[in-house]
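Notes to accompany the following structure.
The values are calculated or read from the model by the stated rules, or taken from the named source; none is laboratory data. Quantities reported herein were computed from a predicted structural model and do not represent experimental measurements. Here Cβ is always computed from backbone atoms with ideal geometry, including for glycine, and neighbour counts include all displayed protein chains. To get the accessible areas, we keep the full protein, side chains included, count just its heavy atoms, and leave off ligands, DNA and RNA. Shrake-Rupley method; radii C 1.70, N 1.55, O 1.52, S 1.80 Å.
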Amino acid sequence: AAYRCKDAKETVEWYAKNLNMDFVLAIAEDLVPSTKAPDPYMHIFLDAGGGNVLAFFELPNSPEMGRDENTPAWVQHMAFEVDSMETLLAAKAKLEANGVEVLGPTNHTIFKSIYFFDPNGHRGHQHRYSRDVQNLGRSEVGHAERVEQNQTRAQACGLDA
């Protein structure tokens, strides 16, 4: 995923310090490669673990970044899985020790998570599954009813379930 950032250097330092993400690469261009538009930018890449990359664009000539005011702040967020509940609690403690406000752990039944904001205003979420999500609900009473409810909801939204 790629997001906009206010300051590339600050963003790299924050993710390294708080989420142990290593800096991978930075690309600086004066022209957008795909459109050739004259719009200087800095594109940074961080190792998010598990073969995933988190990227940011610093756009110095663009108006100050904002957020989608029509969408609640809790909706749009980056989610990162951790390997244990102990790791989740240690991540919370580390973030708080570094002055980052953290919400949670929040119990979502199938996983527990913590929430925080990065220096760009992007919400982050780290979670640990508390159940086998690959087989979630398959052996439980009511699975067929949940499948039917989800299909009905998807169809109501114009999606094929």
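Quick notes on this structure:
Conditions (1) surrounded by 10 or more Cβ atoms within 10 Å (Cβ to Cβ); (2) in contact with a strand residue (DSSP E or B) (Cβ under 7 Å, 6 or more places away or on another chain); (3) on the phi > 0 side of the Ramachandran plot; (4) at pLDDT below 85, marked per residue:
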position: Ser113; (1), (2), (3), (4): yes, yes, no, no
position: Gly121; (1), (2), (3), (4): yes, no, yes, no
position: Asn135; (1), (2), (3), (4): no, no, no, yes
position: Glu140; (1), (2), (3), (4): no, no, no, yes
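- Taken over the range 101-111, the criterion of being modelled with pLDDT of 95 or more, open to solvent by less than 70 Å² (accessible area, probe 1.4 Å) and aliphatic (A, V, I, L, M) is satisfied by Val102 alone.
- Residue among Glu69, Glu86 that is without any contact (Cβ under 8 Å) to a residue 12 or more places away in the chain, closer than 19 Å to Tyr129 by Cα and open to solvent by 60 Å² or more (accessible area, probe 1.4 Å): Glu86
- Boolean, Ala2 is closer than 18 Å to Arg123 by Cβ, open to solvent by less than 80 Å² (accessible area, probe 1.4 Å) and at pLDDT below 95: yes
- Each residue in the range 72-83 was checked for being under 18 Å from Val53 (Cα atoms) and open to solvent by less than 100 Å² (accessible area, probe 1.4 Å), and 5 of them qualify.
- Of the residues making up the range 51-66, those that are assigned to a strand (DSSP E or B) and free of Cβ contacts under 8 Å to residues at least 60 places away in the same chain are Asn52, Val53, Leu54, Ala55, Phe57, Glu58.
- Remark: Pro38 matches the filter, which requires a residue to be without any contact (Cβ under 8 Å) to a residue 12 or more places away in the chain and touching a strand residue (DSSP E or B) at 6+ places or on another chain (Cβ under 7 Å).
- Selection of the range 34-50 for residues being open to solvent by 70 Å² or more (accessible area, probe 1.4 Å) and assigned to a loop (DSSP other than H, G, I, E, B) yields Ser34, Thr35, Lys36, Gly50.
- Residue list for the range 13-33, filter: open to solvent by less than 30 Å² (accessible area, probe 1.4 Å) and without any contact (Cβ under 8 Å) to a residue 60 or more places away in the chain: Met21
- The residues in the range 47-81 that are over 28 Å from Ala28 (Cβ atoms) and over 11 Å from the mean Cα position of the chain (by Cα) can be counted, and the count is 6.
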